[in-house]
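Notes follow once the structure below has been shown.
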Amino acid sequence: MLKLHVGISVLLIALSLPVRSEAQDLGGPCIPASERAGRAFGCFIVASLPVGQLERAVFWHVETFASRAAAEKAKSAHGVVLEAFDKVWLLTIADAGWRSQGGTHVANIGPVPVKSGRAYTAQFMEAVFSPGMKTRVHRHSGAEAWYTVSGETCLETPEGIMVGRGDGDHVIVPEGPPMELTATGSEVRKALVLILHDSTQPATIPASDWTPKGLCKG
């Protein structure tokens, strides 16, 4: 009888434990980097930089520098400096042939599509997802692009999937469609992210008009 009671107790404890799902929801929108407070995983807004009207498609330039001081000296009006993933980065919105002084140019991402007559804001983010972590379904009021530092990212939209793999792979997503992003593979996904969005609208908007098919698998 004692063994039976012990067995039932163990079963009840096991049933009360949380079950780890294959895909862990990110739990909400991206947050300002100032509110990160030691969080290892998530999406963190580093800067929101107004860039005004853009009459033609632009490019997102990703560069690294030996020091923050050198990056700040080379920064233009449409650039931001951040320290992430053990490097100093200068991220700039400019024409295809643009280059700064003194940095190492590592990526020229584009063309990033824009609409004539619209004022834009460049929102730059740092994203760190554990394998299986996913965003909620959402859309953007402008194009999104990401530069993969490590890991693998799968994005599902009604049109199918797009996959970005490190090191240095990148993806551009046009404005409008609902989407769900999942960190696939076995490595932590680390990425720099740009949303070049309508300045009169939020960068990210929840989307309830579409349900993913679960095409992004590990």
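Bear in mind these aren't lab numbers, they're just calculated from the coordinates by the rules spelled out. Since the structure is predicted, the reported quantities are computational estimates derived from the model, not experimental observations. Methodologically, a virtual Cβ is constructed for each residue, glycine included, from the backbone with ideal geometry; neighbour enumeration extends over all protein chains shown.
Rg ratio for segment 148-218: its Cα radius of gyration over 2.2 N^0.38 Å, N being its residue count, equals 1.15. Each helix, a run of at least 4 DSSP H residues, gives -39500 (n - 2.57); summed and divided by the residues of the chain, these come to -3000 deg cm²/dmol at 222 nm.
DSSP assigns beta bridges within the chain; of those with both partners inside it, close to 95 percent run antiparallel. What's the local net charge at residue 116, with K and R +1, D and E -1, over the other residues with C-beta under 9 Å away? Combined, the nearby Lys, Arg, Asp and Glu give +2. In this Cβ point-charge picture (+1 for Lys and Arg, -1 for Asp and Glu), the chain has a dipole of about 340 debye about its Cα centre. Restricting the calculation to Cα atoms, segment 103-207 shows an Rg/Rh of 0.96 when the hydrodynamic-style radius is the Kirkwood one. Exceedance of the 23 Å cut-off in Cα-Cα distance is limited, within the set 134/190; 75/134; 115/213; 134/213, to 75/134; 115/213.
Take 127-138, 144-155, 37-48 and order them by the average number of nearby Cβ atoms within 10 Å per residue, most first; the result is 144-155, 127-138, 37-48. The list [x] 8, 31, 33, 15, 6, 4, 2, 1, 0; [y] 7, 33, 40, 18, 2, 0; [z] 8, 25, 30, 25, 11, 2, 0 gives values of P(r) over Cα pairs in 10 Å bins from 0, in percent, and only one came from this structure; which label was calculated from it? Entry [x].
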